[in-house]
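Down below is the structure, laid out as structure tokens.
The values are calculated or read from the model by the stated rules, or taken from the named source; none is laboratory data. It should be emphasised that the depicted structure is a prediction, and the values quoted were computed from it without experimental measurement. Cβ coordinates were reconstructed from backbone atoms using ideal geometry, including for glycine residues, and neighbour counts include every protein chain displayed. Note: areas computed on protein heavy atoms with side chains; ligands, DNA, RNA excluded. Shrake-Rupley method; radii C 1.70, N 1.55, O 1.52, S 1.80 Å.
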Amino acid sequence: DEGTSVSLQVFDAQDKAQDAHRIGLRRLFMLQFKEQLKYLEKNLPNLQAMSMQYASLGEMADLKRQLIAATVDRACLGDPLPSTRSMFERRRDEAKTRLNLIAQELARLVGTILSEYQVLGKKLQALKSFPEVQRDMQEQLGRLLTKDFIEAMPYERLQHFPRYLKAASLRLDKLRADPARDIRGLGELLPLQTQWLREEIKVRKQGTADPQLDQFRWLLEELRVQLFAQELRTPAPVSVKRLQKMWESMRR
């Protein structure tokens, strides 16, 4: 991706090549959609409100750029990625009529996520008497809502974010009534999370990716829902014992 064009380059690692290829391919599609994307930029719903909620993470320009990039990703970059001119043109033509609808859906989802994030942030600020819980949840939010979370997360994963944030909010609502219950849950969660974090940092330093570690990360989020806001339910059964067994099998 050269900004106003694309070029061919050779990389020394397949992961780097694939990442750069995907971003370059996105740019190639965006260059084909200049007029449509100009229209979308001017007509993203609730952009002003979302940019205020996003302000602690970045500027409105960052938000807008990510919404457009994620729209193109969802419209054009499904697997398998196009590898010939004819495949590219077919994908482009199929996507052209869906861009506006996809952008609207994505903006609605991001709006919901940012609203939940704002509500949770206000509750966390008032949580002075439970510093351990406050720290745990601030770290959780820091992992979920990075500056580039819209662009970095696949749409299928983003769809779960409102539930994760709602679960965190419900956890705080229950905390004062039964702090012992929260402490028990946190005591079960933290050993698993610490193991995952240690491995995640190691893998990141090596510049590689581990799909199993990534899957485990999202199971930890589901475990939070199970432990602290069971009424919201999880897509599949999850428990401390299940994750312990999974971790043991992964590390063998």
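From the mean inverse distance of alpha carbon pairs (Kirkwood) and the Cα radius of gyration, derive Rg over Rh for segment 104-234.
For segment 104-234, the value is 0.96.
Can you give the angle from 0 to 90° between the axis of helix 179-206 and the longest principal axis of the chain, with both taken from C-alpha atoms, to the nearest 10?
Helix 179-206 and the main axis of the chain meet at about 40 degrees.
Considering only DSSP states other than H, G, I, E and B, which chymotrypsin sites (Phe, Trp or Tyr not before Pro) in segment 1-62 qualify as loop sites with at most 12 other Cβ atoms within 10 Å?
Sites meeting the loop and neighbour criteria: PHE11.
Using only Cα atoms, find the angle between the long axis of helix 211-228 and the longest principal axis of the chain, and express it within 0 to 90 degrees, rounded to the nearest 10.
The answer is roughly 50 degrees.
At what distance in nm do the modelled label points of ALA152 and ASN100 sit from each other, each positioned 7 Å from its Cα along Cα→Cβ?
Distance between the two pseudo-spin positions: 3.3 nm.
For segment 214-247, which trypsin sites (Lys or Arg not before Pro) are in a loop by DSSP, counting at most 13 other Cβ atoms within 10 Å?
Sparse-neighbourhood loop trypsin sites (Lys or Arg not before Pro): ARG233.
Counting only helical runs of four or more DSSP H residues, what would the 222 nm mean residue ellipticity of the chain come to if each run contributes -39,500 (n - 2.57) and the total is spread over all its residues?
The helix-only estimate for the chain comes to -24000 deg cm²/dmol at 222 nm.
With unit charges on the beta carbons (Lys and Arg positive, Asp and Glu negative) and the dipole taken about the Cα centre of segment 47-190, which residue among GLN140, SER51, THR71 sits farthest to the positive side?
With unit charges placed on the Cβ atoms, the residue in question is SER51.
Give the lysines reachable from LYS34 as a straight Cα distance under 19 Å; neighbours fewer than 8 places away on the same chain don't count.
LYS42, LYS64, LYS96
Kindly flag which residue pairs out of LYS166/LYS241; LYS123/LYS166; LYS122/LYS166 have an alpha-carbon separation exceeding 22 Å in this structure.
Long pairs (Cα-Cα over 22 Å): LYS166/LYS241.
Taking segment 1-59, which GluC sites (Glu not before Pro) meet the DSSP loop condition and have no more than 13 other C-beta atoms within 10 Å?
Taking segment 1-59 and a limit of 13 other Cβ atoms within 10 Å, the loop GluC sites (Glu not before Pro) found are GLU2, GLU59.
Roughly speaking, to the nearest percent, how much of segment 1-104's 1.4 Å accessible area is carbon and sulfur?
51 percent
Report the Cα-based extents of the chain along its three principal axes, largest first, to the nearest Å.
The Cα atoms of the chain stretch 60, 46, 29 Å along their principal axes.
Please state the shape class of segment 28-151: rounded when a/c is under 1.5, otherwise prolate if a/b exceeds b/c and oblate if not, all from the C-alpha gyration tensor.
Here segment 28-151 falls in the prolate category.
How much accessible area per residue does segment 92-168 have, in Å², with a 1.4 Å probe?
49 Å²
Taking only the C-alpha atoms, wrap a convex hull around segment 144-207 and report its volume per residue in Å³ as a whole number.
Given the Cα convex hull of segment 144-207, per-residue volume reads 112 Å³.
Per residue, what volume in Å³ does the Cα convex hull of segment 1-90 take up?
Dividing the Cα hull volume of segment 1-90 by its residue count gives 125 Å³.
Using just the C-alpha positions of segment 178-252 as equal point scatterers, what log10 of I(q)/I(0) does the Debye formula give at each q in 0.21, 0.22 1/Å?
With one equal scatterer per Cα and no solvent, log10 I(q)/I(0) is -0.94, -1.01.
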